[in-house]
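Notes follow the structure.
The values are calculated or read from the model by the stated rules, or taken from the named source; none is laboratory data. Because the structure is a prediction, the values reported are computed rather than measured. All Cβ positions, glycine included, derive from the backbone under ideal geometry; neighbour counts span all protein chains shown. Note: accessible area is taken over every heavy atom of the protein model, side chains too, but ligands, DNA and RNA are not part of it. Shrake-Rupley method; radii C 1.70, N 1.55, O 1.52, S 1.80 Å.
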Amino acid sequence: MGSSGNIATAHLNDPDVDDERASLEAAAASTAVAGDGGQRYRGKPLTVKDVLSWRRLQLSRAKLKASSRTSALLSGFAIVAMVELEISSGSSSSTSSSPAAAVPSWLLVLFASSAALLIAVHMLALMISTCLLPNLESVSENDARTIRASPHDKMRFYIETSWIFSTGLGILLFLVVVVLQTWVKFYAVSKTAAIAATAIIAPVVVVFVVFALVFYHQLTLHKFRRAALMVERLQLDLRAFSAAGDDVKMV
């Protein structure tokens with residue numbers, strides 16, 4: 001019993017749990033009394049659950065905005081790269097030493113397929129962001145009813161899909177398209193230039209993949225620790241309330 005009491009005391013005095021709980025309670029209290037232009041607050045007061053939902057809503061907004069901007073930029077680059085890349089058709093007017101005659105057809109197919117896949121992935125992410133953002137932007141911070149009616153929790157799968165397609169798979173495909181474009185552009189002119197571009201971008205691809213894995217691992221671990229601390233704090237509070245109730249019954 002003594003050791004369990006010490007553990008409970010240690011958890012109760014945990015600064016991370018206290019900061020988390022204090023921030024949630026302060027946010028709920030501030031939004032409950034907030035109003036527009038000093039007017040009286042008309043919505044239902046926000047609970048801790050509503051504040052957590054509001055945090056998830058803000059995160060979903062940020063992810064969709066970042067996805068829409070990134071997807072629009074990179075898909076536009078892929079379209080311009082395909083349109084502006086000049087490759088001779090290899091007709092009779094061209095000489096046998098023209099670049100078009102030297103570029104292998106499999107390389108052109110690989111470049112066209114990668115660019116088309118890049119555009120498709122980013123267009124899907126952009127479509128999801130465009131459809132979901134208006135529904136999330138219309139949610140009011142000071143209204144618990146609109147926060148609870150927000151679709152960000154139900155549409156979490158689509159939000160994460162848009163985020164991964166845009167910032168994960170989309171950027172990886174973008175780097176691949178850049179490498180293939182250098183090979184198509186410089187294959188017949190200077191293979192050394194294509195090899196140099198590949199040697200520069202290949203380590204970037206490795207670093208990108210490693211960073212993505214480490215980042216998501218650390219983020220998941222951080223969320224798990226915060227959730228575990230909150231659950232332990234709630235369990236300790238429940239035990240304290242139960243003990244207080246038993247004392248009252250005994251009196």
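Name every residue in region 182-240 that is of a type in the set (D, E, K, R) and closer than 25 Å to Val109 by Cα, in order of residue number.
If the condition is that a residue be of a type in the set (D, E, K, R) and closer than 25 Å to Val109 by Cα, then Lys185, Lys191 are the ones that fit.
For every residue, the table says whether it meets (1) charged (D, E, K, R); (2) in contact with a Ser or Thr (Cβ under 7 Å, 6 or more places away or on another chain); (3) at pLDDT 90 or above; (4) assigned to a helix (DSSP H, G or I).
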site: Val178; (1), (2), (3), (4): no, no, yes, yes
site: Val184; (1), (2), (3), (4): no, no, no, yes
site: Thr192; (1), (2), (3), (4): no, no, no, yes
site: Pro203; (1), (2), (3), (4): no, no, yes, yes
site: Lys223; (1), (2), (3), (4): yes, no, no, yes
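Please find, within region 138-176, the residue that is least open to solvent (accessible area, probe 1.4 Å) out of those that are assigned to a loop (DSSP other than H, G, I, E, B) and among the aliphatic types (A, V, I, L, M).
Among them, the one singled out is Val139.
Looking only at residues in region 42-60 that are open to solvent by less than 30 Å² (accessible area, probe 1.4 Å) and in a helix (DSSP H, G or I), which one is modelled with the lowest pLDDT?
The residue in question is Asp50.
Taking the condition closer than 27 Å to Ser67 by Cβ, exposed (fewer than 13 other Cβ atoms within 10 Å of the Cβ) and among the β-branched types (Val, Ile, Thr), does Val231 pass?
In short, no.
Taking only pairs six or more apart or across chains, which ones have beta-carbon atoms under 6 Å, a first residue in region 68-87 that is open to solvent by 30 Å² or more (accessible area, probe 1.4 Å), and a second residue that is modelled with pLDDT under 85?
Close Cβ pairs (under 6 Å, with a partner that is modelled with pLDDT under 85) amount to Ile87/Ala100.
Under 6 Å between Cβ atoms, which residue pairs at least 6 apart in sequence (or on different chains) link something in region 213-227 that is within 16 Å of Trp163 (Cα to Cα) with a partner that is at pLDDT 85 or above and assigned to a helix (DSSP H, G or I)?
Hits for this filter: zero, empty list.
Would region 123-137 turn up any residue that is open to solvent by less than 60 Å² (accessible area, probe 1.4 Å), in contact with a Gly (Cβ under 9 Å, 6 or more places away or on another chain) and not in a loop (DSSP other than H, G, I, E, B)?
Yes.
Determine if region 95-109 includes at least one residue that is open to solvent by less than 40 Å² (accessible area, probe 1.4 Å) and either at pLDDT 90 or above or in a helix (DSSP H, G or I) (or both).
So far as region 95-109 goes, yes, one or more of its residues are open to solvent by less than 40 Å² (accessible area, probe 1.4 Å) and either at pLDDT 90 or above or in a helix (DSSP H, G or I) (or both).
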